[in-house]
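Below: the structure, in structure tokens.
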Ligand SMILES: [Mg+2]
């Protein structure tokens with residue numbers, strides 16, 4: 001299945017507007033919702049060691065997929081509501097990251113850009 005950003009946004013807007021939920025979807029509530037859904041993703045791995053995380057991910061991929069989609073849905077809608085084209089924003093940030101993390105300095109290490 002190949003969805004375009006436009007199709008996704010139309011479905012998100014319709015889902016929200018059919019339920020008259022825009023009144024609840026101010027930027028603060030959307031940002032809170034993103035963090036709540038990110039926490040639900042994190043909960044999937046809570047108390048598990050490295051090996052258990054790998055096993056859990058394999059056997060609970062559907063639940064993990066749902067949490068990732070929940071985060072994305074709120075993220076896409078927040079962006080749309082405040083006039084940000086999310087693909088353009090990702091493209092811009094990747095350009096900045098390429099400058100912040102030049103391959104010759106960042107390859108093979110997880111240091112933050114200001115520690116490279
Ligand atoms: Mg969720």
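The values are calculated or read from the model by the stated rules, or taken from the named source; none is laboratory data. Here the structure is a predicted model, which means the values were calculated and not measured. Neighbour counts run over all protein chains shown; Cβ positions are idealised from the backbone, glycine included.
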Legend entry - Close pairs (7 angstrom Cβ cut-off, 6 or more residues apart or separate chains): in contact (Cβ under 8 Å) with a residue 24 or more places away in the chain in region 40-69, within 14 Å of the ligand (Cβ to nearest atom) and outside any helix (DSSP H, G or I) anywhere: 67/44
Inset, instruction - Consider residue 99 carefully, then state whether it is surrounded by fewer than 12 Cβ atoms within 10 Å (Cβ to Cβ), closer than 30 Å to residue 114 by Cβ and away from the ligand (no atom under 14 Å from the Cβ). - result: yes
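Condition check: modelled with pLDDT of 95 or more and surrounded by 13 or more Cβ atoms within 10 Å (Cβ to Cβ). Does residue 12 satisfy that?
Working: modelled with pLDDT of 95 or more: yes; surrounded by 13 or more Cβ atoms within 10 Å (Cβ to Cβ): yes.
Judged against the criteria, residue 12 is a match.
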Inset, instruction - Could you please give the count of residues in region 70-80 that are within 14 Å of the ligand (Cβ to nearest atom) and either without any contact (Cβ under 8 Å) to a residue 24 or more places away in the chain or more than 24 Å from residue 4 (Cβ to Cβ) (or both)? - result: 1
Inset, instruction - Quick one: in region 32-59, of everything that is within 14 Å of the ligand (Cβ to nearest atom) and surrounded by 14 or more Cβ atoms within 10 Å (Cβ to Cβ), which residue is farthest from residue 75 (Cα to Cα)? - result: 44
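Taking the stated definitions as given, is residue 67 within 12 Å of the ligand (Cβ to nearest atom), farther than 21 Å from residue 5 by Cα and surrounded by 13 or more Cβ atoms within 10 Å (Cβ to Cβ)? Give the derivation first.
Numbers: within 12 Å of the ligand (Cβ to nearest atom): yes; farther than 21 Å from residue 5 by Cα: no; surrounded by 13 or more Cβ atoms within 10 Å (Cβ to Cβ): yes.
In short, no.
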